[in-house]
Amino acid sequence: MIKIDCLGEICPIPVIKLREVIDSIKNGEEYMIVTDHSCTVPNIKDFCKAHNLDYKVEEVINGVWEIVISSSK
């Protein structure tokens, strides 16, 4: 799993960082975005839906989310 650390980054930076790697996501490969900005979660969900990517969101501690993104290409 490849981790993208977005702690302290506000939108749209996490979406931009995901966009930079989207073409390199292979079938079964996972990327994890770690964020502490609540607006990132719905923005990443929308991005994943628009690009047919699977995602799982977990708030690991209060105010910190891990978003795991994978492709079934």
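The values are calculated or read from the model by the stated rules, or taken from the named source; none is laboratory data. Nothing here was measured: the structure is a model prediction, and the numbers come from that model. Methodologically, a virtual Cβ is constructed for each residue, glycine included, from the backbone with ideal geometry; neighbour enumeration extends over all protein chains shown.
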Restricting the range 39-73 to residues that are surrounded by 12 or more Cβ atoms within 10 Å (Cβ to Cβ) and of a type in the set (S, T, Y), the one modelled with the lowest pLDDT turns out to be S71
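Of all residues in the range 48-73 being in contact with a strand residue (DSSP E or B) (Cβ under 9 Å, 6 or more places away or on another chain) and in a loop (DSSP other than H, G, I, E, B), which is nearest to L18 (Cα to Cα)?
H51
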Residue pairs qualifying under the 6 Å Cβ cut-off, at least six apart or on distinct chains, with the first in the range 29-41 being under 9 Å from P14 (Cβ atoms) and the second being buried (at least 21 other Cβ atoms within 10 Å of the Cβ) and not charged (D, E, K, R), are I33/C6; I33/P14; I33/I67; T35/C6; T35/P14; T40/P14
State whether the residues of the range 20-27 include one that is within 11 Å of I67 (Cα to Cα) and surrounded by 12 or more Cβ atoms within 10 Å (Cβ to Cβ).
no
